[in-house]
Amino acid sequence: MISPSLLFLVALLFVMGYIAGRRGDGSIQRAWVRFKKQVAEFLPRMVLVIIGTGFLLQIIPSELISENLGRGAGLKPILIGGLAGMLVPAGPAVAFTTAATLAGAGASEGALVAFITAWCIFAIHRILIYETSLAGPKFLLIRCTVALPIPFIAGTVAHYLS
Amino acid sequence: MKSLRLLHIECENTVTKQQQTDEGFDKDPPVTGKKKSRFKKRHIEMIAYAAFGVAGGGYCYYLKGAEGFSMAIDVQVEMMAGMLPRITLAFGIAALLWVLLDAEKLKELIQKQRGVMQLVYATILGAITPGGPTSSFSILNLFLASGLGYVIGITYITAWSMLGVQRILIWDMPLLGIDQASLRFLAGFWLPSLAGLLAGWLFGKQQATSLK
């Protein structure tokens with residue numbers, strides 16, 4: 001299953017590996033240790049989430065998705081996608097596989113952009129667990145206020161670009 | 001040459017709470033007392049994902065019978081064959097990015113810029129900062145402490161959250177494809193600057209010198 005994205009990733013890996021190797025300061029070894037840690041951390045989660053998603057795709061009626069989140073529904077999918085993205089209380093494995101599931105069931109590009117962008121900016125679990133302690137409520141309030149329209153703008157732009 | 005890792009250690013005094021992140025990039029500074037609970041949390045998470053799979057499988061069998069169940073298995077095999085090689089490659093790229101970046105130099109670059117270019121550099125630095133909230137908020141704190149203000153601070157942190165290159169490589173591209181990832185980037189690359197300008201306009205009178 002060779003695709004442009006796979007080739008791009010392979011090329012990028014080689015280029016960055018070459019740059020790191022030329023440094024000769026142990027960068028490659030440090031990257032290798034980090035790579036092993038990340039794979040051990042996330043790959044098992046990914047496998048489990050893919051299994052759950054595969055079943056979800058069978059259970060969720062695709063008509064329901066295409067009716068409410070499909071291109072034919074105009075700008076409504078962007079609103080739904082943006083609001084849903086703000087409410088996903090989980091990490092990237094869940095958010096992105098949910099998006100992949102919705103994409104497979106016929107959700108529009110704009111809705112997916114709004115969903116992912118909203119999750120990236122407003123991931124509720126990240127705000128509650130990390131940002132309230134790292135940033136403090138005042139900065140968090142400012143950040144959330146000014147970023148509120150972003151998922152919907154991004155979704156609308158994506159809708160017209162696609 | 002100071003890497004993000006060193007910068008992170010430097011900033012530990014300013015940010016000491018919660019060394020974990022959902023994407024796992026900030027787990028290097030070990031917090032011995034918390035190791036056990038992190039281990040426990042990881043196991044609970046895995047059990048929850050497994051339960052999601054089992055419940056989904058059971059409900060799928062109940063709704064669609066053996067045929068629907070077997071179709072779901074086919075979809076899962078196809079998804080795994082498509083995604084896992086990409087995700088593995090992306091983890092390799094993210095690990096290399098993490099060791100290659102020189103955040104200190106980029107921060108100095110931002111300070112040297114004026115006007116729109118400062119926004120552009122803040123967006124780029126936000127996008128390429130690997131790691132979770134601990135790394136990025138440490139850098140943000142340095143920006144605010146050096147007088148860069150809300151405009152640059154908000155631009156940087158919004159770019160980090162929505163345009164993070166590591167996130168695009170690890171999650172967007174493998175799971176949603178290069179077209180959808182490019183579309184999200186194209187639709188949103190200018191929005192962190194907008195958020196920064198909006199913050200400057202709405203809250204600029206409040207001098208931001210630290211996060212709290």
Report summary line: Here the residues within segment A:79-105 that are over 10 Å from the mean Cα position of the chain (by Cα) and part of a helix (DSSP H, G or I) are A:LEU79, A:ILE80, A:GLY81, A:GLY82, A:LEU83, A:ALA84, A:MET86, A:LEU87, A:THR101, A:LEU102, A:ALA103, A:GLY104
**Report entry** Of residues in segment A:1-28 being closer than 21 Å to B:ILE178 by Cβ and assigned to a loop (DSSP other than H, G, I, E, B), the one nearest to the other protein chains (Cβ to nearest Cβ)
**Finding:** A:MET1
Report task. Count, please, the residues in segment A:119-150 that happen to be small (Gly, Ala, Ser), open to solvent by less than 20 Å² (accessible area, probe 1.4 Å) and in a helix (DSSP H, G or I). Result -> 1
Requested in this report: Identify, from the list A:THR97, A:THR156, A:THR132, the residue that is outside the structural domain of A:GLN38 (by TED's automatic domain parsing), in contact (Cβ under 8 Å) with a residue 12 or more places away in the chain, within 24 Å of B:GLN166 (Cβ to Cβ) and among the polar types (S, T, N, Q).
Outcome: A:THR97
Query raised in the report: Taking segment B:144-170 on its own, how many of its residues are free of Cβ contacts under 8 Å to residues at least 40 places away in the same chain and within 7 Å of chain A (Cβ to nearest Cβ)?
Result: 4
Requested in this report: From A:ILE153, A:ILE116, grab the single residue that is at the interface with chain B (Cβ under 7 Å from one of its Cβ atoms), in a helix (DSSP H, G or I), at pLDDT 80 or above and open to solvent by 10 Å² or more (accessible area, probe 1.4 Å).
Outcome: A:ILE153
Query raised in the report: Is at least one residue of segment A:58-73 open to solvent by less than 50 Å² (accessible area, probe 1.4 Å), within 10 Å of another protein chain (Cβ to nearest Cβ) and farther than 22 Å from B:ALA187 by Cα?
Result: yes
Requested in this report: Need at least 3 residues that are among the polar types (S, T, N, Q), buried (at least 23 other Cβ atoms within 10 Å of the Cβ) and at pLDDT 90 or above per element, so show me which helices (runs of 4 or more DSSP H) inside segment B:136-212 make the cut, counting only ones lying wholly within it.
Outcome: B:149-163
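The values are calculated or read from the model by the stated rules, or taken from the named source; none is laboratory data. For clarity, every value in this text was computed on a predicted model and none was experimentally measured. Methodologically, a virtual Cβ is constructed for each residue, glycine included, from the backbone with ideal geometry; neighbour enumeration extends over all protein chains shown. Ligands, DNA and RNA are stripped out before the accessible areas are found, and what is left, the full protein with its side chains, is counted by its heavy atoms. Shrake-Rupley method; radii C 1.70, N 1.55, O 1.52, S 1.80 Å.
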